[in-house]
Structures are given as structure tokens and as C-alpha cells.
């Protein structure tokens with residue numbers, strides 16, 4: 001029983017702080033503490049956000065009647081530093097858990113299979129991550145099947161629907177699924193890899209006695225790294241023709257959305273130039289850390305350098321207001337996964353990203369406790385439940401070891 005408790009506690013720390021390593025890795029730089037006033041205001045802000053979500057939960061246990069949005073809200077509540085009415089949060093998470101389980105399909109996927117274009121891989125990945133964080137042993141069988149489903153959805157030679165060779169740029173990636181847009185993309189892949197990372201323990205004793213489970217997962221990670229590498233502007237590790245060769249290029253080290261497509265390219269007259277942008281660069285960086293690439297790996301270093309050169313909390317670099325909260329969420333988790341508090345920008349300034357992100361979230365929160373992208377609603381950021389979940393998870397990652 002103690003072993004189970006330790007596993008669940010470790011999983012909760014990983015998602016709330018975005019940390020794939022040990023407790024020592026999570027130790028913050030003491031020269032950059034969060035100011036006491038910011039800490040107090042942040043905890044009060046989180047409580048208001050929690051109150052908003054619990055008030056918005058539907059009778060069936062969901063938010064927006066969708067398992068993926070429900071999963072994000074459940075993760076935000078489960079790992080919350082909010083102090084008031086913990087029994088309300090606990091009850092809300094349990095209702096959400098039961099709602100999510102109601103969408104478990106025979107093939108292991110977790111999604112509304114009776115709805116058109118509800119994207120099985122996307123929904124399964126977030127639902128699986130939520131179940132992993134909640135950590136109820138009764139859900140292990142469902143989680144193992146969902147984990148196998150995601151691995152089976154990866155584009156490789158053995159993919160039943162889309163057999164793909166290593167010479168194909170989509171190899172190793174994961175897309176929306178059979179009902180969604182074609183070809184894998186970095187956003188779906190990063191959600192899937194996060195879920196696989198959080199559930200690695202299911203491939204080990206006492207949850208699995210078959211070493212082939214771990215071997216299959218290990219190969220999936222290896223293939224995913226190849227996919228990630230082929231989305232990064234780094235010619236030393238990417239053989240794609242679109243990669244910038246100029247080491248002084250502002251795109252160097254950054255990531256694009258999927259093979260031969262960057263959402264940021266739409267912002268420029270030259271739409272054939274595949275531009276790096278913030279949310280995907282942090283998605284790539286976080287995924288490489290979860291894949292256990294070392295900090296001194298050239299791909300990790302290049303992504304960190306791009307992020308430092310484009311450091312901002314005011315927008316999604318390269319996309320402006322589009323996907324701003326998705327960006328803040330993945331940025332916080334990626335920086336926390338790196339285990340470092342300081343970001344040094346080209347102007348010589350050192351930024352405490354934790355404190356600065358918390359201040360930004362305080363600035364952006366609405367009076368009723370919600371967050372909402374009122375500048376651009378693309379990628380569902382007009383939905384306050386989704387954006388509030390993104391925001392709370394980002395704040396929890398920023399608070400990390402500074403939680404009271």
C-alpha cells in the first residue's frame with residue numbers, strides 16, 4: 001500500500017510541477033525566490049479559479065460535456081494548492097473520474113466514439129493523464145489499455161491503419177486519430193507522450209510481468225524522438241529540406257507544428273517558410289525532457305536557446321494572441337521539467353520565470369475567477385473552463401516547491 005501511495009504522489013508531483021526527475025532536480029534556484037506577496041496573491045487566485053471550476057461542473061461530472069476538457073479540469077483541481085473546501089474539490093474530481101471512465105472503449109481509447117470528429121487520440125491522451133494523476137487502482141486496467149492504444153496509434157511500420165516507414169517525416173508521431181485531420185502533429189504527440197510518461201509504472205512490476213511491454217514502450221519513445229527531431233530547425237539532427245541552415249536564423253532551435261506545416265507561417269507573406277513558434281517549441285522541449293534526453297543534448301540546448309531568445313509571457317511567440325494560454329501552460333511545464341528557475345535573455349537580464357508567470361496569471365484573471373482569451377478564441381480558447389484549467393495547471397507548475 002505504501003508503494004502505491006508513493007507512486008501516486010510522484011505522479012502528482014510530475015504533472016503539477018512538470019518535473020520528470022528526482023526531488024533534487026526540482027530544487028529551485030534560491031537566488032530567485034517567489035516574493036511572499038506574490039505567493040499569497042497566487043494562492044488566493046488559485047482558490048478563485050478552483051471555485052469557478054467547481055461551480056461550472058455539470059451534473060454528469062463533466063466540464064463542457066467532453067472527457068478531454070473534463071480531464072484537464074480534474075487535473076487542475078486534484079493538484080491544486082487551494083486550501084478552502086477540500087471536500088468540494090475531492091468530490092468534483094471523483095465525479096469527473098467517473099464521467100471519463102464512461103467513455104472507455106473496447107480498443108482502449110477514451111473518447112466519445114458516437115460523436116463525429118471528437119479526436120480519439122487527443123481525448124485518450126488527456127483522459128489517461130488525468131486518470132494517472134487521480135491514481136485510483138481500480139482504473140489501472142483501463143489505463144493500461146489506453147496506454148496500449150496510444151502506443152498503437154503512433155505512426156510506424158506496425159501501425160494497422162497507417163503503416164509508415166522511417167524515411168517518412170511522420171514516423172514516430174501521433175495525430176488526432178482516425179476521425180481527425182491526417183498526419184501526426186506535435187501538439188497531439190506531446191499530449192500522448194505526457195500520458196505515456198505518467199503511466200510508465202504500468203509496464204513494471206507489480207503491474208506487468210511481461211518485459212515486452214517495457215520494450216514496446218521504449219521503442220515508442222525512440223521513434224518519438226526521431227519525430228521530434230524532424231520538427232526542429234536544427235540541421236545537425238534534422239534532414240528535412242525546409243530546415244534553416246543559417247546559424248544566425250531566428251528560427252534555429254525552434255519547432256514547427258507538423259511535417260511541412262507551421263501555424264506561424266500564416267503570419268508572414270512568405271508562407272512557404274516554416275517558422276518556429278513558442279507553443280510548439282516548448283512542446284518539443286518538454287517532450288524531449290520526458291524522453292530522457294540530457295540537458296546538454298544539442299537538440300535540448302538549441303530549444304532552450306530559442307526559448308530564451310523569444311522569452312515572453314505577453315503572447316505566444318510567433319502567433320501573437322493565438323494559443324496564448326496553451327503556450328503559458330506548456331511553457332510552465334517545460335521550464336519546470338528543466339528544473340531551473342532562471343532564464344537569461346540575450347539582453348543580459350535574468351528572469352525568474354516562476355514569479356513572472358504567476359504575476360502574469362494574476363494580471364489576466366477575470367473578476368469571477370476564470371481565465372479567458374478575449375483577444376483570440378482560436379483553438380477553443382474562448383471556452384473559459386478550458387482556459388481556466390490551462391491557467392491553474394500553469395500556476396501549479398510555477399509554484400512547484402514553493403507551495404505552502
*Hits in the range 360-369 - residues which are in contact (Cβ under 8 Å) with a residue 60 or more places away in the chain, under 18 Å from residue 332 (Cβ atoms) and surrounded by fewer than 20 Cβ atoms within 10 Å (Cβ to Cβ)*: 362
*Considering only the range 80-118, how many residues are in contact (Cβ under 8 Å) with a residue 40 or more places away in the chain, part of a loop (DSSP other than H, G, I, E, B) and surrounded by fewer than 20 Cβ atoms within 10 Å (Cβ to Cβ)?*
7
*residue 63 is checked against (1) assigned to a helix (DSSP H, G or I); (2) buried (at least 17 other Cβ atoms within 10 Å of the Cβ); (3) modelled with pLDDT of 95 or more and fails just one. What number does that condition carry?*
(1)
*Output yes when any residue across the range 376-392 is modelled with pLDDT under 95 and either over 19 Å from the mean Cα position of the chain (by Cα) or in a loop (DSSP other than H, G, I, E, B) (or both), and no when none is.*
yes
*Go over the candidates 272, 267, 258 one by one and state the one that is closer than 23 Å to residue 219 by Cα and either modelled with pLDDT under 95 or under 20 Å from the mean Cα position of the chain (by Cα) (or both).*
258
_Subset tally (residues that are under 25 Å from the mean Cα position of the chain (by Cα) and more than 21 Å from residue 170 (Cβ to Cβ)) for the range 238-250_ = 1
*Across the range 220-237, what is the total count of residues that are surrounded by fewer than 19 Cβ atoms within 10 Å (Cβ to Cβ) and either over 30 Å from residue 200 (Cβ atoms) or more than 21 Å from the chain's Cα centre (by Cα) (or both)?*
3
*Top-ranked residue of the range 157-183 - restricted to ones that are at pLDDT 95 or above and buried (at least 24 other Cβ atoms within 10 Å of the Cβ), ranked as farthest from the chain's Cα centre (by Cα)*: 172
*Check the range 248-269 and report whether any residue there is within 24 Å of residue 166 (Cβ to Cβ) and part of a helix (DSSP H, G or I).*
no
*Looking at residue 192, is it closer than 20 Å to residue 139 by Cβ and surrounded by 24 or more Cβ atoms within 10 Å (Cβ to Cβ)?*
yes
*Total residues in the range 13-42, condition at pLDDT 50 or above and more than 22 Å from the chain's Cα centre (by Cα)*: 9
*Report, by residue number, each residue of the range 62-85 that is within 13 Å of residue 102 (Cα to Cα) and under 19 Å from the mean Cα position of the chain (by Cα).*
66, 67, 68, 70, 71
*asked:* Give me the residue from the range 119-138 that is surrounded by fewer than 19 Cβ atoms within 10 Å (Cβ to Cβ) and in contact (Cβ under 8 Å) with a residue 12 or more places away in the chain and, out of that set, farthest from the chain's Cα centre (by Cα).
replied: 137
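The values are calculated or read from the model by the stated rules, or taken from the named source; none is laboratory data. Note that the coordinates shown come from a computational prediction; the quantities given were computed from them, not determined experimentally. Cβ sites come from the backbone with ideal geometry, for glycine too, and all protein chains shown count toward neighbours.
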